[in-house]
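Structure first, then comments.
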Amino acid sequence: MDDHHTTRRREWLAATLGGVAGWGCARSRRVEGRTSKVKVVEFNDAGERVRVVETEKVVKTDEEWKQLLTPHQFHVTRQKGTERAFGGEYWNHHEEGIYRCRCCGTALFRSDTKFESGTGWPSFSAPIAPENIRAESDTSAFMVRTETLCRKCDAHLGHVFDDGPPPTGLRYCMNSESLRFVKKA
């Protein structure tokens, strides 16, 4: 990837995701006794935009998350794990609807932006609303990638790459364990 392409990608991510937290910033952490507010776009289960809301960030202890999630869901969403390729519930899923965050229910992707990437993970060309996700630089696995997280609860969703289809040219490569599908009524 050339420097011009890298710069354009970072500019696009910064503009659409409300700033890329990972380009030099640390991941937000809970400060005891304080919570932070975030703005997200609410969608109904038909995928229609309802409103922008300012809401408290969802903050739970590991024990609280473990009560709500399966061990594998916890590993992926809270410990930044990855599910096995071609093994997740949604990699070959084709129903119409929206994909919500497994942890907090925030709307993340529409089925009409899902495409077959051949990677074995559900892939999308764009989020349902850029405000609902955030990005961080991920230097694990001996490479630099852009991690995507739910803005409301910081659940690890997957990564975004610049090899997707037009018009964005992006591939949001997500973990099924991070998503909950809601069929269009």
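The values are calculated or read from the model by the stated rules, or taken from the named source; none is laboratory data. Treat the numbers as computed from the prediction; the structure is a model and nothing was measured. A quick note on method: Cβ atoms are made from the backbone with ideal geometry, for glycine too, and the neighbour counts reach across all protein chains shown. Protein only, heavy atoms only, side chains kept; ligands, DNA and RNA dropped before computing areas. Shrake-Rupley method; radii C 1.70, N 1.55, O 1.52, S 1.80 Å.
At a threshold of 8 angstrom on Cα-Cα distance, excluding pairs fewer than six apart, so keeping six or more, what relative contact order does the stretch 28-185 reach in percent? Reported as a whole number, the value is 25 percent. The alpha-carbon of Lys57 sits under 19 angstrom from the alpha-carbons of these lysines, leaving out residues fewer than 8 places away in its chain: Lys37, Lys39, Lys66, Lys80, Lys152.
Solvent exposure of the stretch 38-185, expressed per residue, is 47 Å² of accessible area, with all protein chains present and a 1.4 angstrom probe.
Want the number for Glu116 to Asn92: 0.36 nm per residue separation, take away the alpha-carbon distance, what's left? Let's see the in-between values first.
Working: separation 24, 0.36 × 24 = 8.64 nm, distance 0.79 nm.
Between Glu116 and Asn92, full extension yields 7.8 nm more.
Comparing Cα centroids, the stretch 42-86 and the stretch 112-144 end up 15 angstrom apart. Working from label points 7 Å from Cα in the Cα-to-Cβ sense, the Glu48 to Asp163 distance is 4.0 nm.
Sparse packing (at most 12 other Cβ atoms within 10 Å of the Cβ) combined with a DSSP loop state is found for the following chymotrypsin sites (Phe, Trp or Tyr not before Pro) in the stretch 76-111: Phe86.
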